[in-house]
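Notes follow once the structure below has been shown.
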Amino acid sequence: MSSRFDVAQQPKPGTGSLPANGVRLAAKSAEVIPGNLPLTVSRPELLSGGSDAEFRTFVQGLLGFAARLESIRNGFARTIGLTGIQYSVLISVRHLEDKGGVSVSMVAEHLQLSGAFVTIETGKLVKKGFLSKRQDPKDRRRVSLKTTARGRNLLRSLAPTLVAVNDVLFEFLDAPRFRQFLGMLDSMIACGDRALLLVQYLTEKHKQKA
């Protein structure tokens, strides 16, 4: 939910790779229509009458919502004395443990974060007494995470606040729209991973030319 990418907080890379025509498309998207600003996208599905104005409004809207989403998550966390990422890790472990043992890699994949970063944050939660960890009996190379009674009570105390705020935050969604949006999330994350790889590649290429 972060709107910026620290090295430690970069999303876990997806299995996809850069599109073969990624650089060509990037150059094409910079085409200038006489008398207008350069386009920020080239796909005709995202243009209206050759203009990217609606697309830019769409992106700014997403950024605005993402910023509010992160601020709300941080507000939830402050209510129970945690950082935003610590709250996300704790509640993720609580939800995942109902399905069986929870490893660091499972939490990292669930949150789209690096395993090293999640390891650091789970360590902090263990020290606070909200998580416990032990060797996985099925695989001694893995560590199994579990919420403690203290951690579960902490999350339980926050539940009324979560319900009240989330009901307001997502009141624009009816059932069909919610299901449609939910079905798009995996594709959104996969495209985000590929776009992140592309921007890193193009940034490095630009540095080499400078």
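The values are calculated or read from the model by the stated rules, or taken from the named source; none is laboratory data. Note that this is a predicted model, so its numbers are computed, not measured. For neighbour counting, all protein chains shown are included, and Cβ atoms are generated from backbone atoms with ideal geometry for every residue, glycine included.
Any residue at all in the stretch 126-137 that is in contact (Cβ under 8 Å) with a residue 12 or more places away in the chain and among the β-branched types (Val, Ile, Thr)? No: zero hits.
What about Glu54, is it touching a strand residue (DSSP E or B) at 6+ places or on another chain (Cβ under 6 Å), surrounded by fewer than 13 Cβ atoms within 10 Å (Cβ to Cβ) and either among the basic types (Lys, Arg) or outside the structural domain of Val199 (by TED's automatic domain parsing) (or both)? Considered against the rule, which asks whether it is touching a strand residue (DSSP E or B) at 6+ places or on another chain (Cβ under 6 Å), surrounded by fewer than 13 Cβ atoms within 10 Å (Cβ to Cβ) and either among the basic types (Lys, Arg) or outside the structural domain of Val199 (by TED's automatic domain parsing) (or both), Glu54 comes out as yes.
Condition check: at pLDDT 95 or above, outside the structural domain of Tyr201 (by TED's automatic domain parsing) and surrounded by fewer than 15 Cβ atoms within 10 Å (Cβ to Cβ). Does Ser71 satisfy that? Steps first, please.
On the way: at pLDDT 95 or above: yes; outside the structural domain of Tyr201 (by TED's automatic domain parsing): yes; surrounded by fewer than 15 Cβ atoms within 10 Å (Cβ to Cβ): yes.
In short, yes.
Of all residues in the stretch 130-140, none satisfies being part of a helix (DSSP H, G or I) and either closer than 18 Å to Ser92 by Cα or of a type outside the set (Phe, Trp, Tyr) (or both). When Phe117, Phe130 are screened for being among the aromatic types (Phe, Trp, Tyr) and more than 22 Å from the chain's Cα centre (by Cα), only Phe130 passes. Applying the set (1) out of contact with any Gly (no Cβ under 6 Å at 6 or more places or on another chain); (2) modelled with pLDDT of 95 or more to Ser51 leaves exactly one unmet item: (2).
Could you list all residues from the stretch 74-88 that are surrounded by fewer than 18 Cβ atoms within 10 Å (Cβ to Cβ), under 17 Å from Leu169 (Cα atoms) and of a type in the set (Gly, Ala, Ser)?
So the first thing to find is which residues in the stretch 74-88 are surrounded by fewer than 18 Cβ atoms within 10 Å (Cβ to Cβ), and the list is 74-75, 78-81, 83.
If we keep only those that are under 17 Å from Leu169 (Cα atoms) too, we end up with 74-75.
Once the filter is applied, which keeps residues that are surrounded by fewer than 18 Cβ atoms within 10 Å (Cβ to Cβ), under 17 Å from Leu169 (Cα atoms) and of a type in the set (Gly, Ala, Ser), the stretch 74-88 yields only Gly75.
Just to be sure before I move on: is Ala108 surrounded by 13 or more Cβ atoms within 10 Å (Cβ to Cβ) and within 23 Å of Asp186 (Cα to Cα) in the structure I sent? Yes, satisfied.
Being among the basic types (Lys, Arg), loosely packed, with under 14 Cβ neighbours inside 10 Å and out of contact with any helix residue (DSSP H, G or I) (no Cβ under 6 Å at 6 or more places or on another chain) is the requirement here; does Arg142 meet it? Break it down stepwise before answering.
Working: among the basic types (Lys, Arg): yes; loosely packed, with under 14 Cβ neighbours inside 10 Å: no; out of contact with any helix residue (DSSP H, G or I) (no Cβ under 6 Å at 6 or more places or on another chain): yes.
It is false that Arg142 is among the basic types (Lys, Arg), loosely packed, with under 14 Cβ neighbours inside 10 Å and out of contact with any helix residue (DSSP H, G or I) (no Cβ under 6 Å at 6 or more places or on another chain).
Touching a His at 6+ places or on another chain (Cβ under 9 Å) and more than 17 Å from Thr148 (Cα to Cα), is that true of His110?
On the way: touching a His at 6+ places or on another chain (Cβ under 9 Å): yes; more than 17 Å from Thr148 (Cα to Cα): yes.
Considered against the rule, which asks whether it is touching a His at 6+ places or on another chain (Cβ under 9 Å) and more than 17 Å from Thr148 (Cα to Cα), His110 comes out as yes.
Quick grid of which residues meet (1) more than 18 Å from the chain's Cα centre (by Cα); (2) not assigned by TED's automatic domain parsing to the domain that holds Ala108:
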| position | (1), (2) |
| --- | --- |
| Gln135 | yes, no |
| Arg142 | yes, no |
| Thr147 | yes, no |
| Ser157 | yes, no |
| Arg177 | yes, yes |
| Leu182 | no, yes |
| Ser187 | no, yes |
| Leu202 | yes, yes |
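For the stretch 86-104, filtering for residues that are over 18 Å from Gly192 (Cβ atoms), part of a helix (DSSP H, G or I) and touching a residue at least 12 places away in the same chain (Cβ under 8 Å) leaves 11. Evaluate the stretch 154-161: report whether one residue or more is under 26 Å from Ser71 (Cα atoms), among the charged types (D, E, K, R) and touching a Phe, Trp or Tyr at 6+ places or on another chain (Cβ under 7 Å). No; the residues of the stretch 154-161 include none that is under 26 Å from Ser71 (Cα atoms), among the charged types (D, E, K, R) and touching a Phe, Trp or Tyr at 6+ places or on another chain (Cβ under 7 Å). Considering only the stretch 165-198, state which residues are touching a helix residue (DSSP H, G or I) at 6+ places or on another chain (Cβ under 9 Å), exposed (fewer than 13 other Cβ atoms within 10 Å of the Cβ) and not in a helix (DSSP H, G or I). The one that is touching a helix residue (DSSP H, G or I) at 6+ places or on another chain (Cβ under 9 Å), exposed (fewer than 13 other Cβ atoms within 10 Å of the Cβ) and not in a helix (DSSP H, G or I): Phe170.
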